[in-house]
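Participant: To start, I am sharing the structure in question, which I have written as structure tokens.
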Amino acid sequence: MATEVGIQDPVQAKRYFEAKMAFTTGPVELERMMKNNEVNIVDVRAAEDYAEGHIPGAINLPKEQWRTLNGLRKDKTNVLYCYSIVCHLAATAAVEFVGKGYPVMELDGGWRWWKDDGFAVEK
């Protein structure tokens with residue numbers, strides 16, 4: 001079965017990519033924001049996985065603690081990450097936290113891309 005590729009509407013494409021850039025970030029961009037102290041990094045993975053390694057400076061807020069909102073900030077964007085690009089835990093947390101008035105972004109690729117691309121890891 002062949003996939004048909006049609007011409008996309010440039011206006012819709014522009015809206016999509018603007019929204020994507022507003023609410024997601026990649027590891028290189030996150031590292032730059034970390035150096036400038038512009039973000040609060042939130043690891044929403046399980047506590048035992050966080051303990052094995054996490055992004056330097058990240059706080060751990062696993063799902064069973066989301067209701068506490070501990071460590072979230074309203075004065076900085078909270079960059080959330082979970083296990084990988086196919087994990088929806090960070091997106092689920094984003095819905096929860098933004099509903100409580102916290103600014104959020106999601107790290108594309110999650111922990112796996114961060115670690116596998118050789119960025120700094122803290123234990």
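Each value in this text was obtained by applying a stated rule to the coordinates, not by laboratory testing. None of the values given here were measured: they were computed from a predicted structure. Glycine gets a Cβ as well: all are built from the backbone with ideal geometry, and neighbour counts include every protein chain shown.
Participant: May I ask you to list the residues in segment 67-80 that are closer than 16 Å to residue 38 by Cβ and surrounded by 15 or more Cβ atoms within 10 Å (Cβ to Cβ)?
Facilitator: Within segment 67-80, 72, 76, 77, 78, 79, 80 meet the criteria.
Participant: When segment 79-123 is examined, which residues are found to be on the phi > 0 side of the Ramachandran plot and out of contact with any Ser or Thr (no Cβ under 9 Å at 6 or more places or on another chain)?
Facilitator: Answer for segment 79-123, where residues must be on the phi > 0 side of the Ramachandran plot and out of contact with any Ser or Thr (no Cβ under 9 Å at 6 or more places or on another chain): 101, 118.
Participant: Another one. Looking at segment 91-123 only, could you name the residues that are within 14 Å of the chain's Cα centre (by Cα), more than 18 Å from residue 28 (Cβ to Cβ) and not polar (S, T, N, Q)?
Facilitator: Hits for segment 91-123 are 91, 93, 94, 95, 96, 97, 98, 102, 103, 104.
Participant: Output the residues belonging to segment 1-27 that are under 15 Å from the mean Cα position of the chain (by Cα), of a type in the set (A, V, I, L, M) and surrounded by 10 or more Cβ atoms within 10 Å (Cβ to Cβ).
Facilitator: Result: 19, 21.
Participant: With (1) of a type in the set (Gly, Ala, Ser); (2) assigned to a helix (DSSP H, G or I); (3) touching a helix residue (DSSP H, G or I) at 6+ places or on another chain (Cβ under 7 Å) as the list, and residue 91 as the residue in question, which single condition is left unmet?
Facilitator: All conditions are met except number (3).
Participant: Here is a follow-up. Of the residues in segment 55-85, how many are β-branched (Val, Ile, Thr) and assigned to a loop (DSSP other than H, G, I, E, B)?
Facilitator: Selection size over segment 55-85: 2.
Participant: Every residue in segment 44-58 that is more than 13 Å from residue 97 (Cα to Cα) and either among the small types (Gly, Ala, Ser) or crowded, with 17+ Cβ neighbours inside 10 Å (or both), please.
Facilitator: Answer for segment 44-58, where residues must be more than 13 Å from residue 97 (Cα to Cα) and either among the small types (Gly, Ala, Ser) or crowded, with 17+ Cβ neighbours inside 10 Å (or both): 45, 46, 47, 50, 51, 53, 54, 55, 57, 58.
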